[in-house]
Amino acid sequence: MTLNRLLVANRGEIGIRILRAATDLGIETVAVHSQDDAQSLHTKHADQVVALSGSGPSAYLDIAEIVAAAESSGCDALHPGYGFLSENPELARRCADRGVLFVGPTVDQLELFGNKVAARGAALRSDIPVLPGTEHAASPADAHEFFDSLGAGAAVIIKAVAGGGGRGTRAVFQSDEIDAAFAAVPLRGGGGLRERRPVLGAVRPAGAPY
């Protein structure tokens, strides 16, 4: 498949890298920017620039407006970069519905691996070794029971079921730290995360690196 024009739905270093790579491949490029990013460097590396209506990071999370920008500028493909909407299956689905190629995983893959419980289940079904962990979104009571079952010297990682970049991850080394870790996980999520509150526990053997 030949790509003629690519919209890059990101900014900063990653946006610039994608724009440069596309240009090197002879693909026309379109950058988007929030109202307060109009002079940002990534806009200088694109053949066309489309202004989004919002300001700040939230502008880059508006799926409808970003896909509309791709359509209005004649793009046949959209690259999300990383962060923002890159792991959001709804963006990939909307692109498919509008005939715009999403440069990234499929909708099914994003839905599977965007949920740590589902991804863990897929790994187990494929006989991929995984560390012990909960098989569902855990409650504090589940975490206490799981922690106690691990024995001396173990530790637990508590993390949002759906999230990105390690945000909200807490390591728990003592059972009396669990409740505080649960309370902190949702508060440390945010941005483009689609699901913040459900969390799971996974063991970290004593002495193992993160």
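Going by the conditions given, is G81 in a helix (DSSP H, G or I) and buried (at least 21 other Cβ atoms within 10 Å of the Cβ)? Lay out the reasoning, then the answer.
Values: in a helix (DSSP H, G or I): no; buried (at least 21 other Cβ atoms within 10 Å of the Cβ): yes.
It is false that G81 is in a helix (DSSP H, G or I) and buried (at least 21 other Cβ atoms within 10 Å of the Cβ).
E71: of a type in the set (D, E), free of Cβ contacts under 8 Å to residues at least 24 places away in the same chain, more than 30 Å from A123 (Cα to Cα) and outside the structural domain of V161 (by TED's automatic domain parsing), yes or no? Spell out the reasoning first.
Values: of a type in the set (D, E): yes; free of Cβ contacts under 8 Å to residues at least 24 places away in the same chain: no; more than 30 Å from A123 (Cα to Cα): yes; outside the structural domain of V161 (by TED's automatic domain parsing): yes.
Against the criterion (of a type in the set (D, E), free of Cβ contacts under 8 Å to residues at least 24 places away in the same chain, more than 30 Å from A123 (Cα to Cα) and outside the structural domain of V161 (by TED's automatic domain parsing)), E71 does not qualify.
So, Q48, is that one touching a residue at least 12 places away in the same chain (Cβ under 8 Å), more than 16 Å from V103 (Cβ to Cβ) and either loosely packed, with under 13 Cβ neighbours inside 10 Å or in the same structural domain as G104 (by TED's automatic domain parsing) (or both) or not?
On the way: touching a residue at least 12 places away in the same chain (Cβ under 8 Å): yes; more than 16 Å from V103 (Cβ to Cβ): yes; either loosely packed, with under 13 Cβ neighbours inside 10 Å or in the same structural domain as G104 (by TED's automatic domain parsing) (or both): yes.
Here the answer is yes, as Q48 does meet what is asked.
Within the stretch 21-38, is there a residue that is in contact (Cβ under 8 Å) with a residue 24 or more places away in the chain, crowded, with 20+ Cβ neighbours inside 10 Å, outside any helix (DSSP H, G or I) and of a type in the set (D, E, K, R)?
No, the stretch 21-38 has no match at all.
Working carefully through the options T43, T106, T134, find the one that is under 14 Å from A31 (Cβ atoms) and among the polar types (S, T, N, Q). Quick ask: steps written out before the conclusion?
Values: T106 fails: under 14 Å from A31 (Cβ atoms); T134 fails: under 14 Å from A31 (Cβ atoms).
Of T43, T106, T134, the one residue that is under 14 Å from A31 (Cβ atoms) and among the polar types (S, T, N, Q) is T43.
The values are calculated or read from the model by the stated rules, or taken from the named source; none is laboratory data. Computed from a predicted model, the values in this text were never measured in an experiment. Neighbour counts run over all protein chains shown; Cβ positions are idealised from the backbone, glycine included.
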